[in-house]
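Only the coordinates and a few stated rules stand behind these numbers; no lab work does. Keep in mind it's a predicted model, so treat the numbers as computed, not measured. Reconstructed Cβ throughout: ideal geometry from the backbone, glycine too, with neighbour counts over all protein chains shown.
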Amino acid sequence: MLNLLRKPTVGPLDLDEGLAALGLDGTQHVIVHASLKSFGTLEGGARTVVDTLLARTATLVAPSFTYNTLMNTPTERPRGTFHRDSRVSRDIGRVPQEMVERADAERSFHPALSFVAIGTQAAVITGAQSLESPYQPIGALYDLDGYALLLGVDFGSNTTLHYAEHLAGVPALTRYVPLEGRAQPTAFPNCSADFDNLLPAMHGRERAVTVGQAQLRLYRVRELVDRAVSLLNREPEALLCQYRYCRCQQVRELIRSGGLHPREHHALTRR
Ligand SMILES: [Zn+2]
């Protein structure tokens, strides 16, 4: 009876086999979004995910957002300060926190929307960010022909789509973050709750494998961005959620009154 209740345990070798089946061979630059509990029981948890992924990627990237520094107005007091080792917000997950704790990780400067990266292009990717374009590390991955890896999560966690919204010209909201001793404005996007609306446009473009109880999906960042931009060109509100009290409704109003204002993709300067 006990055996029936016991969940299968996923070990590092199972995960490594799955990543190999996706075609990850240590040469790719990959942004990861993971739900540890989606595996069932994963031996070693976040440590296993990070160790295994580092061996299968050239650069490993993740959002390491810290929402306690985010302010609606410049006069609001932030609930926290940001530094290199600030704890990643709980809903962003354990894997980015595990990466932040590694001494060789680069973390970008943004007090609320930082990215963490480890590997050959880590400095280039994290260095691409600005207050005006917080998702520009995804732009760097676009140039590096990188991949987005979803470990047991849906497109609601697929941060790459925010860069597509930026390029398509979806209006950004303004929020404030404490930086260099004062509150500074930063672009801030709509929520990602309905990003699965891009799924039909990505049909058949993923590589997928199941490990334990988790579905692992790998997408090219370029395809995600290009297809999301073309979806938004056809249907500018396609990725906004319907929840009445969400900031998505402010973005919707801005689209209805002013339309989209496409932004250029700023390619990485060659070094
Ligand atoms: Zn929303």
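Magnitude of the charge dipole for the chain, about its Cα centre and with charges confined to Cβ atoms of Lys, Arg (+1) and Asp, Glu (-1), is about 520 debye.
Note on the chain: dipole from Cβ charges, positive end direction compared against Pro200, Val251, Leu13; the farthest Cα belongs to Val251.
Between Asp91, Asp16, Asp154, the GNM of the chain built on Cα springs shorter than 10 angstrom shows Asp91 fluctuating the most. Counting only other residues whose beta carbon sits under 15 Å from that of Thr66, what net charge do I get with K and R as +1, D and E as -1? Combined, the nearby Lys, Arg, Asp and Glu give +4.
Once the piece of chain linking Glu43 and Thr174 is laid out straight, how much longer is it, given 0.36 nm per residue of separation minus the C-alpha distance between them?
Going from the current span to full extension adds 43.0 nm.
Normalised by 2.2 N^0.38 Å, with N the number of residues, the alpha-carbon radius of gyration of the chain equals 1.00. Within the listed set Pro200, Pro134, Pro12, the Gaussian network model of the chain (springs between alpha-carbon atoms below 10 Å) gives the highest mean-square fluctuation for Pro200. Take the Cα of Cys191, step 7 Å toward its Cβ, do the same at Ala21, and the gap between the two points is 3.4 nm. Near Phe155: Cβ cut-off under 9 Å, other residues only, Lys/Arg at +1 and Asp/Glu at -1. The net charge is -3.
May I ask for the net charge around Ala168, where only other residues with Cβ less than 14 Å from the Cβ of Ala168 are counted and Lys, Arg are +1 while Asp, Glu are -1? Around Ala168, the surrounding residues sum to -2.
Grab the Cα-Cα distance for Leu13 and Glu76, subtract it from 0.36 nm times how many residues apart they are, and report the gain in nm with one decimal.
Details: separation 63, 0.36 × 63 = 22.68 nm, distance 4.82 nm.
Result: 17.9 nm gained on full extension.
Within the listed set Asn197, Asn233, Asn72, the residue fluctuating most in the Gaussian network model of the chain (springs between alpha-carbon atoms under 10 angstrom) is Asn72. Per-residue ellipticity at 222 nm from helix content only, as computed over the chain with -39500 (n - 2.57) for each DSSP H run of at least four residues, stands at -8500 deg cm²/dmol. Loop-located GluC sites (Glu not before Pro) across region 19-121 with a Cβ neighbour count of 15 or fewer within 10 Å are Glu43, Glu76, Glu101, with loop assigned by DSSP.
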